[in-house]
Amino acid sequence: MAPQSSPFLSIVIPIYNEEENIPTLWARLDRVLAEHFATPERSWEVIFTDDGSRDRSLQLLIALAANEPRIQVVEFNRNYGQHSAIFGAFAEVRGRVIVTLDADLQNPPEEIPKLVAKVDEGYDVVGGWRQGRQDNDSFFRTMPSKIVNAVTRKTTGVVLHDYGCMLRAYSREVVDAMLLCKERSSFIPALANSFAKRITEVPVAHAERSAGTSKYGVWKLINLQFDLLTSFSLLPLQMLSVFGVVTAVFGFLLFLGLVIYRFLHPEGTAQGVFTLFAILFFFVGCQFIAFGLLGEYIGRIYQEVRDRPRYMVKKVHRAE
């Protein structure tokens, strides 16, 4: 059975098709824990969430848990996404400090003590700021990431350099507060800022993915962008209202201009037809964008009122 006393540190790692990385990940993480968190006052636990992996990831994790009572494996019945996987592990953590870590080893486990030290200083949220970032992706992969960071800074009002780094540390109070939030679309770094009094970030190393492929493509980053816009801010709706006022004023002035022009140049009334069509098509396009934004908000309201669970846990694996 799992130990009854509450550990000092809980490490949360979502897993999705990472069988090639799991052995190396655990070997490096085990060394870090043995070196920095080996005393009773600095005890630890690791919670892996298998987010519906289709390779041998779950079998490897269950084997780790069978040999180490401080490891738990939360098994989902299917894939729900990274942030749901983290929430699934948050529901099981018992530590005073909670660290989230990706399994791809791009954020080295060796950086964990650096984040924990900041929480010891009294910070509620400590973000990792990737240094020497290994970006082998195309412009269409890196630019959405930069946009996500910019939008998150704007919507949360908290200026951090790197919201995309999953190597982050949270106090237990912040994690407990996030668990009370039942909305389905949650971007954890932004949500945590809503409940944190002291927030900081520390530079952390960044490495190339050693094996496997990234689970965040361009389309997922676009979806994340809409989550941020519609889950944490009313700014898009407010911008639509301002745009509507500006458009109405512009349309009225254009109408006056056309009336005056017709009286002054009655022979040239047909010359501006194509210009008017161009203006019309522009504003029709803007209307469809507005309908799309409104649809995003309405769609999220629909998802919330159905009150479906964020994820389904098939089993929690622990050492017997």
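Distance between the 7 Å Cα→Cβ label points at residue 27 and residue 5: 3.1 nm. Counting beta carbons within 10 Å around each of 43, 84, 57, 194 and listing the fewest first gives the order 194, 43, 84, 57. The slack between residue 289 and residue 248, meaning 0.36 nm per residue of separation minus the straight C-alpha distance, is 13.1 nm.
Fully extending the segment from residue 319 to residue 68 would add 89.7 nm, taking 0.36 nm per residue of separation and subtracting the current Cα-Cα distance.
Fewest neighbouring Cβ atoms within 10 Å first, the residues 45, 183 line up as 183, 45. Pairs spanning more than 25 Å between alpha-carbon atoms, out of 114/182; 182/315; 118/197; 118/315: 114/182; 118/315.
In this simple spin-label model, placing a label point 7 Å from the Cα along the Cα-to-Cβ direction at both residue 182 and residue 194 gives a separation of 1.4 nm.
Across region 33-48, computed HN-Hα scalar couplings (Karplus, 6.51 cos²θ - 1.76 cosθ + 1.60, θ = phi - 60°) run 5, 5, 7, 10, 9, 9, 8, x, 6, 10, 6, 8, 8, 10, 10, 8 Hz from first to last residue, x flagging Gly and Pro.
Where a number appears in this text, it was derived from the coordinates with a stated rule and is not lab data. Being a predicted model, the structure only gives us computed values, none of them experimental. So basically every Cβ, Gly included, is an ideal-geometry build from the backbone, and we count neighbours across all protein chains shown.
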